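Take a look at the structure below.
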Amino acid sequence: MKVLAHSYITCFLLVIVLMLSNSSIVLAQKNKKGSSPNDCQLDEAKKWYERGDLTKIEEIESCVSDKRSMSKEKRVEAYQLLTESYLYRDKIGAADKSFKSLLRISPLYEADSTDPEVSYDLVYLSKTYSRRPIFSMYLSGGTNFSLVQQLQNYGTDNTSGLANHEGYLNDIVLGATASLGFEIPLIYNFDLTFDATFGYRTFSFGDSLYLSVNPQNPTDQVYGNNGELSGRAGTPLLYSTLNFKENQFWIDVPLMLRYNIKKFKGWMPYLYVGAAANFLISANLSAIKRTTQAEATGTGGKATPDENIVVASIGNNVEAPNLRTLYNVSLVAGAGLKFRVGSDFVFVDFRYTRMFLNNVDLDNRYANDELVYQYGHVDNDFRMDNFALSFGYTKAFYKPRKKHQHNPLVINSKYNRWLEKERNYIKKETDEDLKRELNSAIKDIERQKPSLIEDVQRGRTKGERMLSDKQREFSDYKNKRVRVEVKYE
């Protein structure tokens with residue numbers, strides 16, 4: 001029994017040893033794949049860089065590419081070190097690739113020229129990349145108010161004379177607004193912006209009905225305490241007033257050009273202007289109140305319905321025709337202020353929308369019998385202005401890319417086009433000796449091209465400036481040789 005027990009214990013211990021060994025092998029394999037934070041050896045790589053042993057730094061590249069290998073800040077530091085080592089060895093293609101990987105992690109990264117541990121080559125390279133997003137999405141919400149401008153006066157009574165039928169009150173009645181939009185960067189500091197804006201817009205209306213002066217109703221005679229007539233003869237008699245609110249729900253689709261004023265760190269003012277298509281979804285009248293003077297007693301009566309009167313809606317049927325036009329066009333202008341939050345923004349925006357077209361459907365002006373006969377109301381022609389204040393959040397999407405003036409493909413293309421133009425010019429030259437000299441000069445300039453474009457790619461010069469210098473240099477040489485040939489002739 002003791003021997004059997006001893007055998008069981010021995011087997012158990014052997015299994016434990018095998019399990020531990022297997023675990024060690026698995027951990028070793030994981031470490032070999034670079035999933036361990038310690039395997040990137042960032043601190044060790046810094047020492048290699050200081051000693052000038054730059055080729056060994058490449059050993060951490062496969063590890064750094066794994067997002068699980070280390071924190072975001074450490075990965076940025078590692079890619080910075082890799083980029084520095086490639087620049088030092090004149091491997092500009094590898095340096096560009098490494099720096100792009102850095103910008104994918106931290107899109108707004110810029111090398112600090114005041115940091116003594118940062119090389120000037122990295123500072124120059126950093127300046128060759130754009131930090132503008134490829135596009136952005138924004139969401140905002142806020143409040144608005146509308147002002148109404150009357151275009152033509154209408155009514156159920158006599159609209160001429162001294163009676164005032166303008167009716168639309170420029171009181172501030174607040175509505176609500178919300179927008180979902182996109183921004184696409186253009187050249188310089190301009191953006192192309194378009195969105196869908198959902199606007200609940202409301203305004204108040206107050207109108208009065210008058211009796212015209214005639215033999216049956218000669219005047220609004222008013223008698224004083226002494227029984228003498230104190231009223232002013234010949235003026236119409238006010239006998240009824242009407243008040244209500246009109247509530248409209250719009251969807252605006254504006255296309256705008258925006259200019260960003262990039263003079264401040266952390267926040268950005270902007271201005272924009274554009275045009276919009278406006279779609280009316282629904283409109284109704286609410287809080288309707290008609291007050292009328294009774295003929296016999298002079299006391300007032302009120303008509304206040306419990307439900308709203310719909311005056312427009314999408315898909316309305318023929319039995320209830322729309323009193324409002326369902327489409328409009330407008331001018332859009334505004335200003336705002338962005339505040340950077342990480343790589344995104346929060347913003348406050350003020351927008352003005354001016355509709356150009358009449359809001360009233362002319363064919364259906366008298367189509368609602370309830371409004372015409374019960375409330376004595378006929379719509380005046382009018383258009384609307386709207387002012388909106390909103391707050392929102394912008395999510396920016398970035399892609400590392402070279403600035404146009406440092407893009408080697410762009411500069412190489414321009415360089416080749418210029419060389420081809422000069423070759424065509426030389427082909428027309430009739431003097432063979434001069435042609436040989438100019439061809440030799442062109443070949444020399446062509447041999448210089450790779451190093452010149454590399455300087456542009458590094459950020460040591462701008463592409464347009466480099467090309468302009470070479471063009472001026474060759475032009476001076478060409479003119480000089482032509483003058484020499486003319487002199488000897």
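Report whether or not L125 is within 22 Å of A396 (Cα to Cα), among the hydrophobic types (A, V, I, L, M, F, W, C) and touching a residue at least 12 places away in the same chain (Cβ under 8 Å). No; evaluated as a whole, the condition is false for this residue.
K480 - would you say it is under 30 Å from Y188 (Cβ atoms) and either in contact with a strand residue (DSSP E or B) (Cβ under 9 Å, 6 or more places away or on another chain) or not assigned by TED's automatic domain parsing to the domain that holds T291 (or both)? No, not satisfied. When I426 is tested against (1) among the aliphatic types (A, V, I, L, M); (2) in contact with a Ser or Thr (Cβ under 9 Å, 6 or more places away or on another chain); (3) in a helix (DSSP H, G or I), just one condition goes unmet, and that condition is (2).
Against the condition over 30 Å from S390 (Cβ atoms), in contact with a Ser or Thr (Cβ under 6 Å, 6 or more places away or on another chain) and modelled with pLDDT of 90 or more, how does Y88 come out, does it pass? Judged against the criteria, Y88 is not a match.
Taking the range 104-125, which residues are in a loop (DSSP other than H, G, I, E, B) and hydroxyl-bearing (S, T, Y)? Can you show your working first?
Restricting attention to the range 104-125, the residues satisfying the condition of being in a loop (DSSP other than H, G, I, E, B) are 106-119.
Within the range 104-125, S106, Y109, S113, T114, S119 qualify.
Which of the residues spanning the range 390-415 are in a helix (DSSP H, G or I) and of a type in the set (G, A, S)? Steps first, answer last, please.
Restricting attention to the range 390-415, the residues satisfying the condition of being in a helix (DSSP H, G or I) are 404-406, 408-415.
S413, the sole residue that qualifies.
Matching residues to (1) surrounded by 11 or more Cβ atoms within 10 Å (Cβ to Cβ); (2) at pLDDT below 90; (3) β-branched (V, I, T):
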position	(1), (2), (3)
N407	yes, no, no
V410	yes, no, yes
K428	no, yes, no
D431	yes, yes, no
L438	yes, yes, no
K449	yes, no, no
R458	yes, no, no
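None of R351, R340 is assigned to a strand (DSSP E or B), closer than 29 Å to Y109 by Cβ and touching a Gly at 6+ places or on another chain (Cβ under 7 Å) except R340.
Of the residues in the range 429-473, how many are assigned to a helix (DSSP H, G or I), of a type in the set (K, R) and touching a residue at least 60 places away in the same chain (Cβ under 8 Å)? Spell out how you get there, then give the answer.
So in the range 429-473, the residues assigned to a helix (DSSP H, G or I) come out as 432-458, 463-473.
Subset that is of a type in the set (K, R): 435-436, 443, 447, 449, 458, 465, 470, 472.
Retained after the next criterion (residues that are touching a residue at least 60 places away in the same chain (Cβ under 8 Å)): 458.
So the answer is 1.
Candidates are the residues of the range 344-390 that are among the β-branched types (V, I, T) and out of contact with any strand residue (DSSP E or B) (no Cβ under 8 Å at 6 or more places or on another chain); the one that is surrounded by the most Cβ atoms within 10 Å (Cβ to Cβ) is V378.
Go through the residues of the range 375-385 one by one and say whether even a single one is at negative phi, part of a strand (DSSP E or B) and of a type in the set (S, T, N, Q). Even if it seems obvious, please write down each step before you answer.
Of the residues in the range 375-385, the ones at negative phi are 375, 377-385.
Cutting the leftovers down to part of a strand (DSSP E or B) gives us 381-385.
Cutting the leftovers down to of a type in the set (S, T, N, Q) gives us none.
Checking the range 375-385: not a single residue is at negative phi, part of a strand (DSSP E or B) and of a type in the set (S, T, N, Q).
When the range 367-383 is filtered for residues that are of a type outside the set (A, V, I, L, M) and either under 14 Å from N284 (Cβ atoms) or in contact (Cβ under 8 Å) with a residue 40 or more places away in the chain (or both), the ones remaining, listed by number, are N368, E370, Q374, Y375, G376, H377, D379, N380, D381, F382, R383.
The values are calculated or read from the model by the stated rules, or taken from the named source; none is laboratory data. What you are looking at is a predicted structure, and each value in this text was computed from that prediction instead of being measured. Cβ atoms come from the backbone with ideal geometry, glycine included; neighbour counts cover every protein chain shown.
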